1. Give the relative contact order (percent, whole number) for the chain; include only Cα pairs under 8 Å separated by 6+ residues.
2. What are the semi-axes of the equivalent ellipsoid for the stretch 103-177, taken as the square roots of 5 times the Cα gyration tensor eigenvalues, largest first, in whole Å?
3. With 10 angstrom as the radius, rank Glu18, Glu249, Glu222 by how many other C-beta atoms surround their C-beta, starting from the fewest.
4. Please find the FRET efficiency linking Asp70 to Lys39, where r is the Cβ-Cβ separation and R0 is fixed at 51 Å, and quote it to the nearest 0.05.
5. Any chance you could run the full-extension gain for Val123 through Phe99? It's 0.36 nm times the residue separation minus the Cα-Cα distance, nm to one decimal.
6. Rounded to whole Å and ordered largest first, report the semi-axes of the equivalent ellipsoid of the chain derived from its Cα gyration tensor (root of 5λ).
7. Over the stretch 128-239, what is the mean sequence separation of C-alpha contacts under 8 Å (at least six apart), divided by residue count, expressed as relative contact order in percent?
8. Give a residue-ordered list of calculated ³J(HN,Hα) values for the stretch 70-79 (Karplus: 6.51 cos²θ - 1.76 cosθ + 1.60, θ = phi - 60°; whole Hz; x for Gly, Pro).
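All of the numbers you see were taken from the coordinates with simple rules; none came from a lab. No experiment lies behind these values; they were computed from the predicted model shown. Using ideal geometry, Cβ is built from the backbone for each residue, glycine included, and neighbour counts are taken over all protein chains shown.
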Amino acid sequence: MRVTTIQRLMSNPDDTREMAYGFDQQTAAVLMARYAIFKTFTEDAMDVIRWADRMLIKLVARFADYKKDDAASFRLSNEFNLFPQFMFYLRRSPFLQTFNASPDESQYYVSSIMRENVGNSLVMIQPALMSYDLESEAGSPVLLDIDSMKNNVILFVDTVFYVCIWKGPTIVQWQKAGYHNDPNHENFKLLLEAPREDAKYIMQERFPMPRFFVTVPGDTNERKIKVKVNPSKLSATNSTVADGNFHTEDVSLNLFM
């Protein structure tokens, strides 16, 4: 009744550059996540994490440019440069790290990523982080890193399962002083409202509706954001680290790389 013609690029198995052009690292990360989750049904989670590490090493060993025994020479092309960090956040995700989650909650996470599209699945693996400050009218994307938790910003993290607003120490002090009620500080009032409006929009558009948290340094729900950020350094220029409010046994992305 109908014939469909599909064009498909074929390449020599030894031509890695030609093969790389067809690599979709975002889709590959989601497929790796789903396959890893499938393996956890019959294998220990730590064994699955080691398997994912081996698969990543095999991939970059074939497609990266490097000189043997010279780590400084290591280079990944644009088709692969984000894939290792996706694997880093997958290792730390609730799909492979089920500590502090009930069996029902863990199963909900698994069933969600198995049916979501690539965009939402990637946010489940590596949450989106937005930063708001007095110098800009709208939020801007920032690195999912402990260094982004600065004193004078408001952060908004979206994990698909929950959205969380975090206020830096300086923001908390200004709010306690009532600056948002002063007509002379209208910009500060708008700063407080901006992440809430973005959260409201996301929560209305998403089904099922994600949980919502507002937290400050030292609050019990602060872990909602600290558990997601990359522990890049323990001497970051923010009081969250300086006052010992951030402890983790996880390796950083740099060390992982």
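1. Reported relative contact order: 15 percent.
2. After diagonalising the Cα gyration tensor, the semi-axes are 30, 14, 9 Å.
3. Going from sparsest to densest Cβ surroundings: Glu249, Glu18, Glu222.
4. The computed FRET efficiency comes out at 0.95.
5. Stretched fully, the Val123-Phe99 segment lengthens by 6.6 nm.
6. 37, 22, 20
7. 33
8. 10, 5, 5, 8, 5, 9, 10, 6, 4, 6
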